[in-house]
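For reference, the structure is listed below as structure tokens.
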């Protein structure tokens, strides 16, 4: 087997690749944040005072065969919903009709249980943050 000498273009491309990877490695080791002491205190304060802080769960519900129903997770008074969802295992034939915010107050889940057995242990979850949402969409503290 005879190896061919690489072309100048191949050599330059390989050199550029090594330089690019080396720069990324240096940046990752030098600029990666590994502790909160590397973050400006005012930024930490802004994150802790304005970020989501309440993860609310509804009670577990059971939806009987042939019925429609579902849990609601309500945010505490003075908070608004940021996002949400549900947890639980649905049996084959059960359909999630609604999995959405309930205004700015919490999270709503609605399940159509077309199954012959009950769907149990379904809970809604809402991630809530301080402040209420005004009609213009801004957060009012």
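Take the residues in the range 86-95 that are surrounded by 15 or more Cβ atoms within 10 Å (Cβ to Cβ) and at pLDDT 85 or above; name whichever of them is farthest from residue 59 (Cα to Cα).
Of the range 86-95, the ones surrounded by 15 or more Cβ atoms within 10 Å (Cβ to Cβ) are 86, 88, 90-91, 94.
With the extra rule that they be at pLDDT 85 or above, the set shrinks to 86, 88, 94.
Details: 86: 11, 88: 12, 94: 19 Å.
Only one residue fits best here, namely 94.
Based on what the data block shows, is residue 48 surrounded by 13 or more Cβ atoms within 10 Å (Cβ to Cβ) and either in contact with a strand residue (DSSP E or B) (Cβ under 9 Å, 6 or more places away or on another chain) or modelled with pLDDT under 70 (or both)? Walk me through it before giving the result.
On the way: surrounded by 13 or more Cβ atoms within 10 Å (Cβ to Cβ): no; either in contact with a strand residue (DSSP E or B) (Cβ under 9 Å, 6 or more places away or on another chain) or modelled with pLDDT under 70 (or both): yes.
No, not satisfied.
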Verdict on residue 73 being part of a strand (DSSP E or B) and in contact with a strand residue (DSSP E or B) (Cβ under 7 Å, 6 or more places away or on another chain): yes
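Looking at the range 60-70 only, could you name the residues that are surrounded by fewer than 22 Cβ atoms within 10 Å (Cβ to Cβ) and either assigned to a strand (DSSP E or B) or touching a residue at least 60 places away in the same chain (Cβ under 8 Å) (or both)? Break it down into steps so the answer makes sense when it comes.
Residues of the range 60-70 surrounded by fewer than 22 Cβ atoms within 10 Å (Cβ to Cβ): 60-62, 64-69.
Residues satisfying the conditions are 60, 61, 62, 68, 69.
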Filter result for residue 108 (modelled with pLDDT under 85 and over 12 Å from residue 57 (Cβ atoms)): no
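The values are calculated or read from the model by the stated rules, or taken from the named source; none is laboratory data. In this text, all values refer to a predicted model and were calculated from it rather than measured experimentally. Using ideal geometry, Cβ is built from the backbone for each residue, glycine included, and neighbour counts are taken over all protein chains shown.
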